1. Between ASP41 and ALA130, what's the calculated FRET efficiency when r is the beta-carbon distance and R0 is 35 Å? Round to 0.05.
2. Could you give the length gained on full extension between PHE49 and SER69, defined as 0.36 nm per residue of separation minus the Cα-Cα distance, in nm?
3. Residues of the stretch 95-117 with the amide nitrogen closer than 18 Å to a label point 7 Å from the Cα of THR82, along Cα-to-Cβ, please.
4. Any idea what the relative contact order of the stretch 41-134 is, in percent, if you count C-alpha pairs under 8 Å spaced at least 6 apart?
5. Could you sort 19-25, 40-46 so that the peptide with the highest average Cβ count within 10 Å comes first and the rest follow in order?
6. If I take the Cα coordinates of the chain and project them onto the principal axes, what are the three extents in Å, biggest first?
7. Rounded to the nearest 10 degrees, what's the angle between the helix 69-80 long axis and the longest principal axis of the chain, both from Cα atoms, 0 to 90?
8. If I compute solvent accessible area with a 1.4 Å probe over the protein chains, what percent of it on the chain is carbon and sulfur?
Amino acid sequence: MAKALGNTKKAYIKVSSSYTWLGGEQSNSLNRTAEAVEVSDKSTDWAQFIAGKKGATVEITVFADAADSAQNAAITALAAGTVVNWAIGTISGSNVSAGDYGQAIITAISDTNDFGAVASRTISLTVTGAVTHV
């Protein structure tokens, strides 16, 4: 089984026509979900389920940087309510070569400015459509 260090799977947002790394990235996470639809009937003692709608969310924490183009694109997309292309993994040229990618809306951006600490920013995305895994 091939293993990868967490620092090799970086978070990107497409700015213009290419994926741009969110500078100062500290961490990222991708959470995939599927609804459980109950299909039990009176003949069973145990609940039975089938998979329903699928979804995903992405969380990215970065050191806040007013000059970072990807962070600024995320802030602009949140304000405008536009869909962004995102990726978590490795990029080769202009394509995702290993990891996951898709489209999402940005649902929250939280800035933290603790005394004596570097300002950080958490960007929350809700995926719209399918997550593609490569």
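1. On the way: r = 31 Å, r/R0 = 0.89.
With a Förster radius of 35 Å, E is 0.65.
2. Details: separation 20, 0.36 × 20 = 7.20 nm, distance 4.44 nm.
My answer for the length gained is 2.8 nm.
3. 102-109
4. Details: 153 pairs, mean separation 30.1, N = 94.
Computed over the stretch 41-134, the figure is 32 percent.
5. Details: 19-25: 18.4, 40-46: 6.6.
Most protected by this proxy first, the peptides run 19-25, 40-46.
6. Principal-axis extents of the chain (Cα, largest first): 62, 35, 31 Å.
7. For 69-80 against the chain, the angle is about 60 degrees.
8. Numbers: 4430 of 8320 Å².
Ligands and nucleic acids excluded, carbon and sulfur give 53 percent.
The values are calculated or read from the model by the stated rules, or taken from the named source; none is laboratory data. Treat the numbers as computed from the prediction; the structure is a model and nothing was measured. Cβ sites come from the backbone with ideal geometry, for glycine too, and all protein chains shown count toward neighbours. The accessibility values were calculated without ligands, DNA or RNA, using every heavy atom of the protein model including side chains. Shrake-Rupley method; radii C 1.70, N 1.55, O 1.52, S 1.80 Å.
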